[in-house]
Amino acid sequence: MTISTRDIAGAQTAAQAAWAEDDALKTTEVGTAFEYMVAVADSAVEDFIKANATQAGGLQLSAGESLQLQRLMGDQSITVQTGTSTLKSIKDSISSAARNI
C-alpha cells in the first residue's frame, strides 16, 4: 500500500522545485518535503516485503527479519505522524496569526 501518490523521484523533484521557486517557506513546500519522506519510508517497507515474499505471496521471516520489518514500519509511522503534526501546527499558527491581525 502506498500512501503517496508520487514515487520517490517525483516527490523529491516536487519538493526541490517548490524550494527553488522562491525564498519563502509555504505550507505546500513543507507538505511536499514530508510527501518525499513518506515515499521513502513506504518504499523501504515495500522493498523489504517484496524481497522476503514467498512464491505463494506470504512472508516467512526469522526473528531478526521480523524486527527489521517492525523497525521499518515504525519509521514509516513516525514519518507520517511527524508530517501530520507539523502541518497541523503550521495551520494552527497561521490561524492564530490571522486572528491577531
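None of the figures in this text is laboratory data; all of them are computed from the coordinates on show. Computed from a predicted structure; not experimentally measured. Glycine gets a Cβ as well: all are built from the backbone with ideal geometry, and neighbour counts include every protein chain shown.
Among the listed values (1) 1.38; (2) 1.02; (3) 1.46, the one computed from these coordinates for Cα Rg over 2.2 N^0.38 Å is (1).
What does the helix-only formula give at 222 nm for the chain: each DSSP H stretch with n ≥ 4 adding -39500 (n - 2.57), the total divided by the residues, and the result rounded to the nearest 500 deg cm²/dmol?
-27000 deg cm²/dmol
Database remark: amide H of Leu59 closer than 5 angstrom to the amide H of Thr54 (H placed geometrically; neighbours at sequence offset of 5 or more, or on other chains; Pro and chain starts carry no H). Within region 67-81, whose backbone N sits under 17 Å from a point 7 Å along Cα→Cβ of Asn52? So the set is 67-77. Applying a length cut-off of 30 Å (Cα extent along the axis) and a mean Kyte-Doolittle floor of -0.5 to the DSSP H helices of the chain leaves 27-52, 63-99. For the chain, with a Gaussian network of springs between Cα atoms less than 10 Å apart, report the residue from Thr27, Thr54, Thr13 with the top mean-square fluctuation. Taking springs between Cα atoms under 10 Å, the residue moving most is Thr54. With a sphere of radius 15 Å drawn around the Cβ of Gln81, what net charge do the other residues whose Cβ falls strictly inside it have (Lys, Arg +1; Asp, Glu -1)? Once all neighbours under 15 Å are counted, the net charge is -2.
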